[in-house]
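Scroll down for the structure; my scribbles are underneath it.
The values are calculated or read from the model by the stated rules, or taken from the named source; none is laboratory data. Every value quoted in this text rests on a predicted model; they were computed, and no experiment measured them. With ideal geometry, Cβ positions are generated from the backbone for all residues, glycine too; neighbour counts draw on all protein chains shown.
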Amino acid sequence: MSHPSVEKIKLDSRNLRGTLLPGLADAITGSLSFEDQRLIKFHGSYQQDDRDLRDERRRQKLEPAHQFMIRIRAPGGVFTPQQWLQLDAIATTYTNHSLRITTRQTFQFHGVIKRELKATMQAINAAALDTISACGDVNRNVLGSSNPLQSRLHAQVHDWAQRLSEAFLPKTRAYHEIWLDGEKLADSGEEADPLYGKAYLPRKFKMAVAVPPLNDVDVFANDFGLIAIIDDGGHLAGFNVAIGGGMGATHGDAKTYPRIGNVIGFVAPEQVLAITEAAITVQRDFGDREERKHARFKYTIDDLGLDVVVAKMEERAGFKLQPAREFRFDHNGDRFGWSEGEDGRTHLTLRIPAGRITDTEAAPQLSGLREIAKVHVGEFRLTCNQNLIIAGVPAGQRERIDALVREYALDTHARASGLRLNAIACVALPTCALAMAEAERYLPDLLDKVEVLQAKHDLLDAPIHLRISGCPNGCSRPYLGEIALVGKAPGRYNLMLGADHRGQRLNTLHRENIDETTILSELDALFARYAHERMTNQHFGDFLVAANIISPPPVTPKSGIAIEVIP
Ligand code: SRM
Ligand code: SF4
């Protein structure tokens with residue numbers, strides 16, 4: 001039986017209600033209908049199944065072990081200690097006993113069963129959080145550079161992430177009706193939503209706000225990015241606007257590709273909402289609604305032409321963009337350990353391997369962070385590199401936090417190699433339906449092996465960025481990794497090399513579909529050359545390009561991205 005298209009499902013859904021209410025109440029199956037599985041994404045959840053159990057359950061003629069992933073909407077990725085404790089309680093009551101920090105600065109829960117989905121959603125709501133728009137063809141969680149307390153400027157940027165998220169939420173009351181027992185409007189079903197209409201966007205739409213010199217949000221991987229420009233007095237003058245970034249691709253389909261955003265101009269703060277809305281509506285009206293693989297804003301831009309899209313945005317916003325202002329990014333990683341804010345409070349950045357906070361015998365980190373949340377008076381901030389900042393610690397509390405960090409083995413950053421500190425892995429198996437190979441679960445093993453090679457070449461301190469994804473969709477933004485593994489099949493990956501350290505240059509395919517032995521021998525040879533031939537402070541990706549070991553993909557002529565000259 002052929003399924004209806006996602007476009008039809010959206011149009012027929014009575015503003016995202018579908019048959020979710022009766023579907024959730026149906027105790028016969030742990031699953032939802034095909035249509036409702038598409039619609040529940042807009043409510044921040046995905047139906048999944050435990051892929052480790054698939055074959056065995058099939059043999060036993062059981063339906064797959066259906067379960068749900070839930071993603072929180074948290075613009076800028078900030079949580080209070082009270083919220084932390086509430087999320088921890090959810091993780092230990094309804095999910096697989098873990099909190100998973102995502103590459104978009106929020107938490108995911110995995111392993112929620114259908115009959116506990118509503119209770120979990122209500123518990124999230126009781127923590128003054130929601131999951132609206134965390135997935136689906138709408139504006140997704142808006143990213144903001146992670147350390148807002150360090151300066152007034154960062155605080156403003158965090159506010160912007162929240163404003164942008166609020167401004168572009170869908171208007172439907174379906175979420176409140178289905179999950180929070182809100183008053184039912186289903187019969188009228190006619191909440192006006194001038195922005196999204198009844199068909200929403202052709203595809204997901206992602207935004208980020210970056211504060212140079214830190215590109216921790218990987219702003220150029222977003223459909224729409226704002227780069228804060230600071231005037232001589234240290235105040236926020238406005239933002240450069242970048243459009244058309246995206247990572248997703250499909251193996252063997254040249255029509256799909258990762259793309260770096262183009263910087264198209266500068267806007268004053270009071271123009272931000274208008275230009276953002278203009279970008280969203282251009283994508284809404286001109287994005288491809290036939291072929292979902294070709295429906296992101298990056299393809300609309302390449303199909304219509306950058307100039308045409310910019311002109312349409314300017315027309316809809318009612319003003320011309322000013323010329324882009326100069327900016328410079330130094331890096332797109334995190335800085336670990338303690339750092340001092342201008343207000344005298346301090347922040348501790350901890351490395352969370354692949355963002356997974358759980359309890360193991362060696363590292364009871366979920367329990368440790370629970371204890372920290374009980375005494376912490378500042379905030380928790382998530383980074384887009386899947387790490388955690390215990391932010392706003394008063395001087396008098398630092399020792400206490402340090403002691404807990406040590407007691408619960410949360411201080412791995414203090415001993416980690418440059419490679420380990422900068423490694424990112426997507427979730428992949430066992431929950432991701434699209435995974436072709438392992439990522440998160442393979443990362444520790446892979447790092448151990450690559451570190452042996454680094455030690456051999458005296459490179460353990462080199463801050464090399466390694467990113468691994470279980471498939472080419474690119475959830476760990478692998479195409480911006482100096483070294484990246486992109487899953488092709490169990491145990492086999494494409495080896496991509498040569499991105500820069502700033503999120504401004506994509507890497508290039510070096511070897512296709514290779515196994516671990518070949519990956520390690522390739523890296524061994526490249527590390528040997530890097531160790532002997534690199535210039536002082538030259539990063540690995542830059543070295544690979546300068547030594548002609550790989551050729552970077554061409555930069556689009558109008559990109560305006562300040563690509564540094566590589567020595
Ligand atoms: Fe992603 C789909 C996980 C960030 C590009 N992503 C998925 C799904 C929902 C699989 C699915 O559709 O069935 C994954 C759920 C796995 C699981 O079990 O949890 C998934 N994506 C993730 C997360 C959790 C990865 C992580 O390890 O942190 C990230 C959640 C972000 C969030 O909090 O909102 C995540 N995904 C990204 C990013 C990175 C980013 O946005 O900075 C990208 C690349 C940027 C981009 O969008 O171009 C990304 N995810 C995709 C794509 C490819 C989209 C495309 O344009 O082709 C898919 C597949 C799709 O949408 O069809 C996808
Ligand atoms: Fe799943 Fe692929 Fe995203 Fe990894 S990159 S989480 S395997 S969709």
Test T250 against the stated conditions and say whether it is under 27 Å from I468 (Cβ atoms), surrounded by fewer than 17 Cβ atoms within 10 Å (Cβ to Cβ) and hydroxyl-bearing (S, T, Y). yes
Residue that is nearest to D288 (Cα to Cα), among those in segment 194-216 that are surrounded by fewer than 24 Cβ atoms within 10 Å (Cβ to Cβ) and in contact with a His (Cβ under 9 Å, 6 or more places away or on another chain): L214
Of the numbered conditions (1) within 24 Å of A249 (Cα to Cα); (2) outside any loop (DSSP other than H, G, I, E, B), H413 fails exactly one; give the number of that condition. (1)
Residue under question is G244, and the condition is that it be in contact with a strand residue (DSSP E or B) (Cβ under 7 Å, 6 or more places away or on another chain), away from ligand 1 (no atom under 16 Å from the Cβ) and modelled with pLDDT of 95 or more; does it hold? no
Show me the helices (runs of 4 or more DSSP H) found entirely inside segment 252-363 where at least 1 residues are within 14 Å of ligand 1 (Cβ to nearest atom) and either under 26 Å from A199 (Cβ atoms) or within 23 Å of the chain's Cα centre (by Cα) (or both). 272-286, 297-304
Among the residues listed as D232, D223, the single one being under 13 Å from the mean Cα position of the chain (by Cα) and either among the charged types (D, E, K, R) or away from ligand 1 (no atom under 16 Å from the Cβ) (or both): D223
What are the pairs with Cβ atoms under 6 angstrom where one residue, in segment 31-44, is at positive phi and the other, located anywhere, is of a type in the set (S, T, Y) and at pLDDT 95 or above? Sequence gap at least six, or different chains. G44/T131
Which one of L453, L369 is more than 30 Å from A525 (Cα to Cα) and either within 16 Å of ligand 2 (Cβ to nearest atom) or not in a strand (DSSP E or B) (or both)? L369
Given the conditions (1) outside any loop (DSSP other than H, G, I, E, B); (2) within 16 Å of ligand 2 (Cβ to nearest atom); (3) buried (at least 20 other Cβ atoms within 10 Å of the Cβ), report the number of the one that R420 does not fulfil. (2)
Confirm whether R398 is touching a residue at least 60 places away in the same chain (Cβ under 8 Å), basic (K, R) and closer than 20 Å to H539 by Cα. no
Output the residues belonging to segment 131-163 that are buried (at least 24 other Cβ atoms within 10 Å of the Cβ), within 16 Å of ligand 1 (Cβ to nearest atom) and either of a type in the set (D, E) or assigned to a helix (DSSP H, G or I) (or both). D137, A161
I need the full set of residues from segment 66-81 which are over 14 Å from S45 (Cα atoms) and under 12 Å from the mean Cα position of the chain (by Cα), in order please. A74, P75, G76, G77
Read through the list (1) farther than 30 Å from L226 by Cα; (2) more than 16 Å from ligand 1 (Cβ to nearest atom); (3) buried (at least 18 other Cβ atoms within 10 Å of the Cβ), then give the number of the only condition that H539 fails. (1)
Any idea which of (1) under 20 Å from D49 (Cα atoms); (2) more than 26 Å from the chain's Cα centre (by Cα) is the one R441 doesn't satisfy? (2)
Regarding segment 433-441, can at least one residue be identified that is within 16 Å of ligand 2 (Cβ to nearest atom), buried (at least 17 other Cβ atoms within 10 Å of the Cβ) and closer than 29 Å to E342 by Cα? no
Can you name the residue in segment 448-461 that is crowded, with 20+ Cβ neighbours inside 10 Å and of a type outside the set (S, T, N, Q) and is also farthest from D500 (Cα to Cα) among such residues? V450
Residues (crowded, with 24+ Cβ neighbours inside 10 Å and either within 10 Å of ligand 1 (Cβ to nearest atom) or closer than 29 Å to V282 by Cβ (or both)) located in segment 91-102: R100
Can you tell me how many residues within segment 107-130 are under 30 Å from F336 (Cβ atoms), within 16 Å of ligand 1 (Cβ to nearest atom) and over 15 Å from the mean Cα position of the chain (by Cα)? 4
Sole residue being in contact (Cβ under 8 Å) with a residue 24 or more places away in the chain, within 15 Å of ligand 2 (Cβ to nearest atom) and not acidic (D, E), chosen from I90, I101, I72, I113: I101
All but one of (1) surrounded by fewer than 16 Cβ atoms within 10 Å (Cβ to Cβ); (2) without any contact (Cβ under 8 Å) to a residue 60 or more places away in the chain; (3) not aliphatic (A, V, I, L, M) hold for D52; state the number of the condition that does not hold. (2)
Log entry, pairs with first residue in segment 418-436 being within 14 Å of E482 (Cβ to Cβ), second being near ligand 1 (Cβ under 9 Å from one of its atoms), beta carbons closer than 7 Å, six or more apart or on different chains, reads I424/T103; I424/Q386; I424/S476
Could you run through segment 477-498 and say how many residues are within 14 Å of ligand 1 (Cβ to nearest atom) and touching an Asp or Glu at 6+ places or on another chain (Cβ under 9 Å)? 3
For R467, indicate whether it is buried (at least 24 other Cβ atoms within 10 Å of the Cβ) and either within 12 Å of ligand 1 (Cβ to nearest atom) or basic (K, R) (or both). yes
Going by what's in this entry, would E56 be described as touching a Ser or Thr at 6+ places or on another chain (Cβ under 7 Å), of a type in the set (D, E) and either more than 23 Å from Q365 (Cα to Cα) or within 12 Å of ligand 1 (Cβ to nearest atom) (or both)? no
Only residues that are hydrophobic (A, V, I, L, M, F, W, C) and either within 13 Å of G144 (Cβ to Cβ) or within 16 Å of ligand 2 (Cβ to nearest atom) (or both): list them for segment 194-218, please. M207, A208, V209, A210, V211, L214, V217
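Yes/no matrix, rows are residues, columns are (1) within 15 Å of ligand 2 (Cβ to nearest atom); (2) closer than 27 Å to R259 by Cβ; (3) crowded, with 24+ Cβ neighbours inside 10 Å:
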| residue | (1), (2), (3) |
| --- | --- |
| E407 | no, no, no |
| G474 | yes, yes, no |
| L485 | yes, yes, yes |
| R492 | yes, yes, no |
